[in-house]
Amino acid sequence: DVETVVAWRMAIERTAGPTALVFSRQNLPHQARTEAQREDIARGGYVLRDSASPEAIVIATGSEVSLAVAAFDLLAAEGINVRVVSMPSTDVFDAQDAAWREAVLPASQRNRIAVEAAHPDYWRRYVGLDGAVVGLSTFGESGPGGEVMKHFGFTAEAVADAVRKMVKQA
(Lines give C-alpha, C1' and ligand atoms only; values in the text may rest on other atoms or scores of the structure.)
Protein backbone atom coordinates (compact mmCIF):
# COMPACT_ATOMS: atom_id res chain seq x y z
CA ASP A 1 0.00 0.00 0.00
CA VAL A 2 1.34 3.42 -0.99
CA GLU A 3 0.45 5.03 2.34
CA THR A 4 2.40 2.40 4.24
CA VAL A 5 5.46 2.82 2.04
CA VAL A 6 5.40 6.61 2.42
CA ALA A 7 4.92 6.32 6.19
CA TRP A 8 7.87 3.91 6.41
CA ARG A 9 10.00 6.28 4.38
CA MET A 10 9.02 9.23 6.60
CA ALA A 11 9.86 7.21 9.71
CA ILE A 12 13.18 5.95 8.39
CA GLU A 13 14.28 9.41 7.23
CA ARG A 14 13.27 11.11 10.48
CA THR A 15 16.27 12.54 12.31
CA ALA A 16 14.58 14.84 14.84
CA GLY A 17 13.45 12.18 17.32
CA PRO A 18 12.53 8.57 17.92
CA THR A 19 10.57 6.57 15.38
CA ALA A 20 8.41 3.47 15.61
CA LEU A 21 7.16 1.27 12.81
CA VAL A 22 3.92 -0.52 13.66
CA PHE A 23 2.71 -3.30 11.39
CA SER A 24 -0.60 -5.10 11.04
CA ARG A 25 -1.03 -8.82 10.61
CA GLN A 26 -4.47 -8.25 9.10
CA ASN A 27 -5.17 -8.64 5.42
CA LEU A 28 -6.20 -5.05 4.68
CA PRO A 29 -7.86 -3.87 1.47
CA HIS A 30 -5.95 -1.56 -0.85
CA GLN A 31 -7.22 2.02 -0.92
CA ALA A 32 -7.32 3.67 -4.32
CA ARG A 33 -5.70 7.11 -4.31
CA THR A 34 -5.14 9.86 -6.84
CA GLU A 35 -1.62 11.07 -7.57
CA ALA A 36 -2.35 14.20 -5.49
CA GLN A 37 -3.47 12.04 -2.55
CA ARG A 38 -0.30 9.96 -2.79
CA GLU A 39 1.71 13.17 -2.56
CA ASP A 40 -0.44 14.40 0.35
CA ILE A 41 0.42 11.33 2.45
CA ALA A 42 3.72 13.04 3.25
CA ARG A 43 1.73 15.87 4.90
CA GLY A 44 0.63 13.53 7.68
CA GLY A 45 -3.11 13.85 7.09
CA TYR A 46 -5.18 14.30 3.97
CA VAL A 47 -8.65 13.87 2.51
CA LEU A 48 -9.00 10.31 1.20
CA ARG A 49 -12.73 10.35 0.35
CA ASP A 50 -14.97 13.39 0.14
CA SER A 51 -18.53 14.44 -0.65
CA ALA A 52 -20.10 17.73 -1.52
CA SER A 53 -20.87 19.57 1.73
CA PRO A 54 -19.81 16.85 4.20
CA GLU A 55 -22.06 16.54 7.23
CA ALA A 56 -19.33 14.81 9.24
CA ILE A 57 -15.64 13.96 9.10
CA VAL A 58 -14.33 10.49 9.89
CA ILE A 59 -10.64 10.40 10.82
CA ALA A 60 -8.68 7.15 10.73
CA THR A 61 -5.18 5.79 10.45
CA GLY A 62 -3.61 2.49 9.52
CA SER A 63 -5.86 -0.54 9.54
CA GLU A 64 -8.82 1.58 10.61
CA VAL A 65 -8.88 3.46 7.28
CA SER A 66 -10.68 0.57 5.60
CA LEU A 67 -13.46 0.77 8.23
CA ALA A 68 -13.81 4.50 7.63
CA VAL A 69 -14.02 4.02 3.86
CA ALA A 70 -16.56 1.19 4.24
CA ALA A 71 -18.66 3.46 6.50
CA PHE A 72 -18.33 6.22 3.88
CA ASP A 73 -19.80 3.85 1.28
CA LEU A 74 -22.68 2.82 3.58
CA LEU A 75 -23.52 6.43 4.37
CA ALA A 76 -23.21 7.63 0.76
CA ALA A 77 -25.81 5.02 -0.22
CA GLU A 78 -28.17 6.70 2.29
CA GLY A 79 -27.42 10.20 1.03
CA ILE A 80 -25.31 11.19 4.05
CA ASN A 81 -22.29 13.23 2.96
CA VAL A 82 -19.05 12.39 4.75
CA ARG A 83 -15.37 13.19 4.43
CA VAL A 84 -12.78 10.55 5.29
CA VAL A 85 -9.43 11.85 6.50
CA SER A 86 -6.50 9.46 6.57
CA MET A 87 -3.96 10.52 9.16
CA PRO A 88 -0.84 8.35 8.98
CA SER A 89 1.18 10.76 11.15
CA THR A 90 -0.38 13.22 13.57
CA ASP A 91 3.04 14.75 14.31
CA VAL A 92 3.63 15.52 10.65
CA PHE A 93 0.05 16.77 10.20
CA ASP A 94 0.35 19.06 13.24
CA ALA A 95 3.56 20.54 11.78
CA GLN A 96 1.77 21.59 8.57
CA ASP A 97 0.73 25.20 8.03
CA ALA A 98 -2.64 26.32 9.38
CA ALA A 99 -4.13 26.56 5.88
CA TRP A 100 -3.45 22.85 5.20
CA ARG A 101 -4.81 21.73 8.56
CA GLU A 102 -7.94 23.85 8.02
CA ALA A 103 -8.42 22.50 4.48
CA VAL A 104 -8.32 18.92 5.79
CA LEU A 105 -10.16 19.42 9.11
CA PRO A 106 -12.21 22.62 8.80
CA ALA A 107 -12.96 24.16 12.19
CA SER A 108 -16.52 24.81 11.03
CA GLN A 109 -17.22 21.06 10.87
CA ARG A 110 -17.64 19.90 14.46
CA ASN A 111 -19.25 16.55 13.56
CA ARG A 112 -16.08 14.49 13.76
CA ILE A 113 -15.56 10.83 14.49
CA ALA A 114 -12.17 9.17 14.90
CA VAL A 115 -11.76 5.44 14.40
CA GLU A 116 -9.02 3.90 16.54
CA ALA A 117 -8.58 0.36 17.79
CA ALA A 118 -5.51 0.92 19.96
CA HIS A 119 -5.69 4.23 21.82
CA PRO A 120 -9.06 6.00 21.48
CA ASP A 121 -8.48 8.80 24.00
CA TYR A 122 -5.63 10.30 21.97
CA TRP A 123 -8.01 11.23 19.16
CA ARG A 124 -10.08 13.61 21.33
CA ARG A 125 -7.73 16.42 20.29
CA TYR A 126 -8.91 16.03 16.68
CA VAL A 127 -12.61 15.40 17.25
CA GLY A 128 -13.13 18.05 19.94
CA LEU A 129 -15.74 18.10 22.67
CA ASP A 130 -18.59 17.57 20.21
CA GLY A 131 -16.93 14.63 18.46
CA ALA A 132 -16.83 10.92 19.11
CA VAL A 133 -14.29 8.11 18.97
CA VAL A 134 -15.22 4.64 17.82
CA GLY A 135 -12.56 2.52 19.44
CA LEU A 136 -11.50 -0.22 21.76
CA SER A 137 -10.41 0.52 25.30
CA THR A 138 -9.82 -3.08 26.31
CA PHE A 139 -7.66 -5.98 25.26
CA GLY A 140 -7.18 -9.62 26.04
CA GLU A 141 -9.38 -11.37 23.49
CA SER A 142 -7.81 -13.60 20.90
CA GLY A 143 -9.04 -15.08 17.68
CA PRO A 144 -9.18 -14.14 14.01
CA GLY A 145 -8.92 -10.36 13.74
CA GLY A 146 -12.21 -9.83 11.96
CA GLU A 147 -14.11 -11.93 14.49
CA VAL A 148 -12.56 -10.17 17.47
CA MET A 149 -13.33 -6.75 16.00
CA LYS A 150 -16.92 -7.78 15.27
CA HIS A 151 -17.21 -9.15 18.85
CA PHE A 152 -16.32 -5.69 20.17
CA GLY A 153 -18.57 -3.89 17.69
CA PHE A 154 -15.62 -2.38 15.87
CA THR A 155 -17.18 -2.46 12.40
CA ALA A 156 -18.01 -0.19 9.48
CA GLU A 157 -21.63 -0.31 10.62
CA ALA A 158 -20.62 0.95 14.09
CA VAL A 159 -18.74 3.84 12.49
CA ALA A 160 -21.72 4.60 10.25
CA ASP A 161 -24.03 4.46 13.29
CA ALA A 162 -21.84 7.00 15.11
CA VAL A 163 -22.03 9.32 12.10
CA ARG A 164 -25.81 8.87 11.78
CA LYS A 165 -26.30 9.69 15.45
CA MET A 166 -24.07 12.76 15.25
CA VAL A 167 -25.69 14.08 12.06
CA LYS A 168 -29.17 13.49 13.47
CA GLN A 169 -28.32 15.49 16.62
CA ALA A 170 -26.95 18.44 14.64
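The values are calculated or read from the model by the stated rules, or taken from the named source; none is laboratory data. Just so we're clear, the structure is a prediction, and the values are computed from it rather than from any experiment. Cβ: placed from backbone, ideal geometry, glycine included. Neighbour counts: every protein chain shown. With ligands, DNA and RNA removed, areas are computed over all heavy atoms of the protein, side chains included. Shrake-Rupley method; radii C 1.70, N 1.55, O 1.52, S 1.80 Å.
Couple of notes before you dig in:
- Summing Cβ point charges (Lys, Arg +1; Asp, Glu -1) relative to the Cα centre of the chain gives a dipole of roughly 180 debye.
- For Ala56, residues with placed amide H under 5 Å, excluding near neighbours: Arg83
- For the stretch 114-170, the square roots of the Cα gyration tensor eigenvalues, ordered a ≥ b ≥ c, give a/c of at least 1.5 with a/b no greater than b/c, which places it in the oblate category.
- Binned Cα-Cα distance frequencies in the stretch 48-170 - 5 Å width, integer %: 2, 11, 23, 25, 19, 12, 6, 2, 0
- Over all other residues within a Cβ to Cβ distance under 11 Å of Gly135, the charged ones net out to -2, with Lys and Arg as +1 and Asp and Glu as -1.
- Stokes-Einstein D (µm²/s) once Rh is taken as the Kirkwood radius of the stretch 12-76 over alpha-carbon pairs, at 10 °C in 1.306 mPa s: 114
- Rolling a 1.4 Å probe over the heavy atoms of the protein chains gives the stretch 27-116 an accessible area of 43 Å² per residue.
- Here the gap between Asp121 and Ala36, fully extended at 0.36 nm per residue and compared with their Cα-Cα distance, gives a gain of 27.5 nm.
- Amide H contacts under 5 Å for Leu48: Val84, Val85, Ser86, restricted to partners 5 or more places along the chain or on a different chain, H placed in the peptide plane at 1.01 Å from N.
- Protection proxy ranking of 9-15, 65-71 - average other beta-carbon atoms within 10 Å, highest first: 65-71, 9-15
- The string of couplings for the stretch 122-129 from the Karplus curve (6.51, -1.76, 1.60, θ = phi - 60°) is 4, 6, 4, 5, 9, 9, x, 5 Hz, one whole number per residue in order, with x for Gly and Pro.
- Label-point gap, in nm, between Ala76 and Arg110 - each point 7 angstrom along Cα→Cβ: 2.9
- Close amide H partners of Ala132, meaning residues 5 or more places away or on another chain with modelled amide H under 5 Å apart, are Arg112, Ile113, Ala114.
- The HN-Hα couplings worked out from phi for the stretch 153-165 by the Karplus form 6.51 cos²θ - 1.76 cosθ + 1.60 (θ = phi - 60°) are x, 9, 9, 4, 5, 5, 5, 4, 4, 4, 5, 3, 4 Hz, whole numbers, x standing for Gly and Pro.
- Relative packing of peptides 125-132, 29-36, 158-165, 93-100 - highest average C-beta neighbours within 10 Å first: 158-165, 125-132, 93-100, 29-36
- Under the Karplus curve 6.51 cos²θ - 1.76 cosθ + 1.60, θ = phi - 60°, whole-Hz ³J(HN,Hα) for the stretch 88-98, x wherever Gly or Pro sits: x, 8, 5, 4, 5, 4, 5, 7, 6, 5, 4
- Subtracting the Cα-Cα distance of Ala11 and Leu28 from their residue separation scaled by 0.36 nm leaves 4.0 nm.
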